[in-house]
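Written out below as structure tokens is the structure these notes cover.
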Amino acid sequence: MKDIIKQVIEDEAQAVRNIPVTDGMIKAIELIYERVHQKKGKLVTSGMGKAGQIALNISTTFSSTGTPSVFLHPSESQHGDLGILQENDVLLVISNSGKTREIVELIDLAENLHEGLPLIVISSNPEGALAQNADAFIYTGNPKEVCPLGLSPTTSTTVMTVIGDALVVSMMKKIGFTNEEYAKRHHGGYLGDKSRKQAQTERK
């Protein structure tokens, strides 16, 4: 069993090392910066199932680090939640297959509401419908799932999470996000206390 666990860790680590660093990532950062930090819109993330959980995590991490963001559930969007979208926003959607029905429908509905809303896509399928409509496409490298059935999102969601972290950290660097700004957004708990102490050290 230890050998199995070691192999899972090694396979996922290798998938992370194999993530292609492409112009799509740079374009995504530029779009988020333009729409959120220059035009005062927000980042709206979405995904279905496990990909949706990753999209939610990316959204909350962006918000806590100075880039306002919300998660929009693709199914709930068809029942009124689409109204969260505003004209200066930017959409970031995650779909491993690149053709998730609910996400494709969300993109169509968003376009109908605010024509020309920029679209960032994270996917393992560069030929999918979503990739073809993306203003910025981020390829995961299409890693093989470590799930023994090759079905359950495992390696793919690990890679998606790392891509999200790369976008967040890059944006923090771009906007010069500080400990003091972090403390304003994350008051509670260990991280809130640590950020305030680090901010005090910076001021000295």
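The values are calculated or read from the model by the stated rules, or taken from the named source; none is laboratory data. Everything numeric here is computed off the predicted structure, so don't read it as measured data. Reconstructed Cβ throughout: ideal geometry from the backbone, glycine too, with neighbour counts over all protein chains shown. Surface accessibility is based on the protein's heavy atoms, side chains included, excluding ligands, DNA and RNA. Shrake-Rupley method; radii C 1.70, N 1.55, O 1.52, S 1.80 Å.
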Residue under evaluation Val93, criteria (1) in a loop (DSSP other than H, G, I, E, B); (2) crowded, with 24+ Cβ neighbours inside 10 Å, criterion not met: (1)
Taking the stated definitions as given, is Leu72 touching a residue at least 40 places away in the same chain (Cβ under 8 Å) and in contact with a strand residue (DSSP E or B) (Cβ under 7 Å, 6 or more places away or on another chain)? no
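Can you tell me which residue is most open to solvent (accessible area, probe 1.4 Å) among those in segment 114-132 that are farther than 16 Å from Gly47 by Cβ and either free of Cβ contacts under 8 Å to residues at least 12 places away in the same chain or not in a loop (DSSP other than H, G, I, E, B) (or both)?
Filtering first and then ranking leaves Glu115.
The rows are residues; the columns are (1) open to solvent by 30 Å² or more (accessible area, probe 1.4 Å); (2) in a loop (DSSP other than H, G, I, E, B); (3) charged (D, E, K, R).
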residue: Cys147; (1), (2), (3): no, yes, no
residue: Leu151; (1), (2), (3): yes, yes, no
residue: Thr158; (1), (2), (3): yes, no, no
residue: Val168; (1), (2), (3): no, no, no
residue: Met171; (1), (2), (3): no, no, no
residue: Phe177; (1), (2), (3): yes, yes, no
residue: Tyr182; (1), (2), (3): yes, no, no
residue: Arg196; (1), (2), (3): yes, no, yes
residue: Gln200; (1), (2), (3): yes, no, no
Number of the condition not met by Ile84 [criteria: (1) among the aliphatic types (A, V, I, L, M); (2) within 12 Å of the chain's Cα centre (by Cα); (3) loosely packed, with under 15 Cβ neighbours inside 10 Å]: (2)
Step by step: first the residues of segment 54-84, then only those that are of a type in the set (Ser, Thr, Tyr) and assigned to a helix (DSSP H, G or I), then the one that is nearest to Ile120 (Cα to Cα). Which residue is that? Ser59
Any residue in segment 25-49 that is open to solvent by less than 20 Å² (accessible area, probe 1.4 Å) sitting within a Cβ distance under 6 Å of a residue that is among the small types (Gly, Ala, Ser)? List the pairs, counting only those 6 or more apart or interchain. Ala28/Ala136; Leu31/Ala136; Leu43/Ser69; Thr45/Ala55; Thr45/Ser59; Ser46/Ala55; Gly47/Ala55
Go through (1) in contact (Cβ under 8 Å) with a residue 24 or more places away in the chain; (2) in contact with a strand residue (DSSP E or B) (Cβ under 9 Å, 6 or more places away or on another chain) one by one and return the number of the condition Leu56 breaks. (1)
Selection within segment 1-24 - open to solvent by 80 Å² or more (accessible area, probe 1.4 Å) and among the hydrophobic types (A, V, I, L, M, F, W, C): Met1, Ile4, Ile5, Ile9, Val21
When segment 164-190 is checked residue by residue, the ones that are free of Cβ contacts under 8 Å to residues at least 24 places away in the same chain and either more than 29 Å from Ile26 (Cβ to Cβ) or of a type in the set (Ser, Thr, Tyr) (or both) are Ala183, His187, Gly188, Gly189, Tyr190
